[in-house]
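S.K.: This is the structure, below, for whatever I ask next.
The values are calculated or read from the model by the stated rules, or taken from the named source; none is laboratory data. These numbers were taken from a predicted model, which means no experiment stands behind them. Ideal geometry is used to build each Cβ from the backbone, glycine not excepted, and the neighbour counts take in all protein chains shown.
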């Protein structure tokens, strides 16, 4: 990312509709407080559901796509690599792949993924990571699509990185 | 708690307005998926904010009270003890103290705390725990009140447990 951040800490990414936002970590006795998403955030659309994915070290969970649902991801524990691939024919960034690290202390930020783009993630810490996802529509099976992690339809090799 | 659970897994607790709800843990390759809160849950009121408290082993974060905001707590990582004290003069459970454990695998559940009751929490695992809180109103400083953990106003001794 070589984009300038907005005053609210949000920044557009190479793939159209994908945004990151720097998140506050407030040091406190007994352990810090980690912000994730507020109803008045520029990246907030609607509240559907909040859930967590445990990501074991080295495990790859890919590929996923939602037709209607937006993803808002942050990693409060451990380090997660998230890769996004734009396969939308009408997108200005069609064909692009972008990789993000999420986790404390260096990458504690929100990653917003719009509907219609492929994404997957991998555990990149020695201990299991927690990837939180605050989506704008509750999970519906018929909104979710999947491809194998090694699918030839997406130009990204998980094992090679 | 000696209450029978509702079909949706929710159950009222000894303190009026405090509820727990059993949460699904969906085993998956690479790590389980942990549900927390959906917009169609019986315990969902509104979405204000989702944030995390890191709770270091043995650390006590208490006491807190919100005049308007409801808390929805779950611990996706580590084990957290949450204690609730009802100091509401008009409440049928005025004066009661109730203690909950939150965390996997035995206590992965949602704890709903209504406005107006005191609560605090402590880290009860060997590693730092993550306590997620999905509140119905974004944090406002003038909605939040505090007492010292050893305040004589609340009949609970953190150090004794």
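S.K.: Go through (1) under 25 Å from residue A:41 (Cα atoms); (2) in contact with a helix residue (DSSP H, G or I) (Cβ under 9 Å, 6 or more places away or on another chain) one by one and return the number of the condition residue A:150 breaks.
M.R.: (1) is the only condition that residue A:150 fails.
S.K.: Still on this structure, I have one more. Return yes when residue A:43 is assigned to a strand (DSSP E or B) and under 13 Å from the mean Cα position of the chain (by Cα) and no when it is not.
M.R.: Working: assigned to a strand (DSSP E or B): no; under 13 Å from the mean Cα position of the chain (by Cα): yes.
No, not satisfied.
S.K.: Something else now. Within the stretch B:82-158, which strands (runs of 3 or more DSSP E) (wholly inside it) include 2 or more residues that are in contact (Cβ under 8 Å) with a residue 40 or more places away in the chain, buried (at least 22 other Cβ atoms within 10 Å of the Cβ) and in contact with a strand residue (DSSP E or B) (Cβ under 8 Å, 6 or more places away or on another chain)?
M.R.: B:109-113, B:118-123, B:129-135
S.K.: Looking for something within 13 Å of chain B (Cβ to nearest Cβ), in contact with a helix residue (DSSP H, G or I) (Cβ under 9 Å, 6 or more places away or on another chain) and part of a strand (DSSP E or B) - is there at least one such residue anywhere in the stretch A:47-64?
M.R.: Among the residues of the stretch A:47-64, at least one is within 13 Å of chain B (Cβ to nearest Cβ), in contact with a helix residue (DSSP H, G or I) (Cβ under 9 Å, 6 or more places away or on another chain) and part of a strand (DSSP E or B), which makes the answer yes.
S.K.: A further question on this structure: Residue B:28: surrounded by fewer than 17 Cβ atoms within 10 Å (Cβ to Cβ), closer than 22 Å to residue A:103 by Cβ and free of Cβ contacts under 8 Å to residues at least 40 places away in the same chain, yes or no?
M.R.: When the stated conditions are applied, residue B:28 passes them.
S.K.: When only residues in the stretch A:13-27 that are modelled with pLDDT of 95 or more and assigned to a loop (DSSP other than H, G, I, E, B) count, which is farthest from the other protein chains (Cβ to nearest Cβ)?
M.R.: A:16
S.K.: Are any of the residues in the stretch A:24-40 in contact with a helix residue (DSSP H, G or I) (Cβ under 8 Å, 6 or more places away or on another chain) and under 25 Å from residue A:144 (Cβ atoms)?
M.R.: Of all residues in the stretch A:24-40, those in contact with a helix residue (DSSP H, G or I) (Cβ under 8 Å, 6 or more places away or on another chain) come to none.
Among the residues of the stretch A:24-40, not one is in contact with a helix residue (DSSP H, G or I) (Cβ under 8 Å, 6 or more places away or on another chain) and under 25 Å from residue A:144 (Cβ atoms), which makes the answer no.
S.K.: Of the residues A:10, A:77, which single one is crowded, with 19+ Cβ neighbours inside 10 Å and either facing chain B (nearest Cβ under 9 Å) or at pLDDT below 95 (or both)? Can you show your working first?
M.R.: Working: A:10 fails: crowded, with 19+ Cβ neighbours inside 10 Å.
On inspection, the qualifying residue turns out to be A:77.
S.K.: Quick one: which of A:87, A:95, A:160 is over 19 Å from residue B:52 (Cα atoms), away from chain B (no Cβ under 13 Å) and modelled with pLDDT under 95?
M.R.: From the options A:87, A:95, A:160, the qualifying one is A:160.
S.K.: Could you list, in sequence order, all residues of the stretch A:30-46 that are more than 7 Å from every other protein chain (Cβ to nearest Cβ) and over 14 Å from residue A:74 (Cα atoms)?
M.R.: Within the stretch A:30-46, the subset more than 7 Å from every other protein chain (Cβ to nearest Cβ) is A:41-46.
Matches in the stretch A:30-46: A:41, A:42, A:45, A:46.
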